[in-house]
Ligand code: PGA
């Protein structure tokens, strides 16, 4: 039975003290929630991982980095390896976010390597995919999403897929206030689950958590999460205020 997950993606926001405070607020709110129906994860900047891990302690909250290097170690100034991320106590890494693909030219091939390194180091991967507005409008969106998933994930074994969470994030909905309608999102989530079923069989498809991301907020989360193939959200802007984030966590 797959898990529901609500994961925050703080992106390049908050100083360390601000992030520590936000993490404290989220952890306190999660602890106060008697009937939690999803796993909660905070995706924080590299600089915050150790401090936020300390705040989390043994609370029931996961910790994610937002990227890792496509090399193991060595002369890659400014890069942070999967082993380094894992050594902070983080359990997840977000890979393939459209901002990384777009601004930092992350290719399918590079992401495949990052996925492998993350898994080798015991990290679970939140793997992002999603189409641009142009691809939505010209009708190529399913081809694009299919290629993103196939080319960076389909070399994995069925056992490895147990450590992959997929996040569908239409680029035109990220940070724009424009959410995909719940029907549009459900259509793509079902499409992705179909790809997984074709490649790995019904069990893996059924067990894989597929998140929606893109202007998800407390007001639209209940309708999105009510869809059969939407298993939670990857939350950007609304993860920066504990009350908004918790409004989504409690939307199930
Ligand atoms: P948003 O970002 O919630 O601010 O639209 C989502 C994401 O990029 O993960």
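The values are calculated or read from the model by the stated rules, or taken from the named source; none is laboratory data. Note that the structure is predicted; figures quoted are calculated from it, not measured. FYI the Cβ positions are ideal-geometry reconstructions off the backbone, even for glycines, and counts take in every protein chain you see.
A count restricted to segment 181-221 and to residues that are within 16 Å of the ligand (Cβ to nearest atom), surrounded by fewer than 22 Cβ atoms within 10 Å (Cβ to Cβ) and either at positive phi or more than 17 Å from the chain's Cα centre (by Cα) (or both) stands at 7. It is to be established whether one or more residues within segment 110-125 are on the phi > 0 side of the Ramachandran plot, assigned to a loop (DSSP other than H, G, I, E, B), touching a helix residue (DSSP H, G or I) at 6+ places or on another chain (Cβ under 6 Å) and buried (at least 23 other Cβ atoms within 10 Å of the Cβ). Within segment 110-125, none of the residues are on the phi > 0 side of the Ramachandran plot, assigned to a loop (DSSP other than H, G, I, E, B), touching a helix residue (DSSP H, G or I) at 6+ places or on another chain (Cβ under 6 Å) and buried (at least 23 other Cβ atoms within 10 Å of the Cβ). Just a yes or no: is a residue in segment 9-24 under 19 Å from the mean Cα position of the chain (by Cα), more than 16 Å from the ligand (Cβ to nearest atom) and not in a loop (DSSP other than H, G, I, E, B)? Yes, there is a match, as at least one residue in segment 9-24 is under 19 Å from the mean Cα position of the chain (by Cα), more than 16 Å from the ligand (Cβ to nearest atom) and not in a loop (DSSP other than H, G, I, E, B). Where the second residue is away from the ligand (no atom under 11 Å from the Cβ) and modelled with pLDDT under 90 and the first is assigned by TED's automatic domain parsing to the domain that holds residue 215 and lies in segment 174-189, which pairs have Cβ atoms under 7 Å and are six or more apart or on separate chains? As it stands, the answer is none, since no pair meets every condition given.
Of the residues making up segment 131-180, those that are within 16 Å of the ligand (Cβ to nearest atom), at pLDDT 95 or above, out of contact with any strand residue (DSSP E or B) (no Cβ under 6 Å at 6 or more places or on another chain) and in a loop (DSSP other than H, G, I, E, B) are 131, 132, 170.
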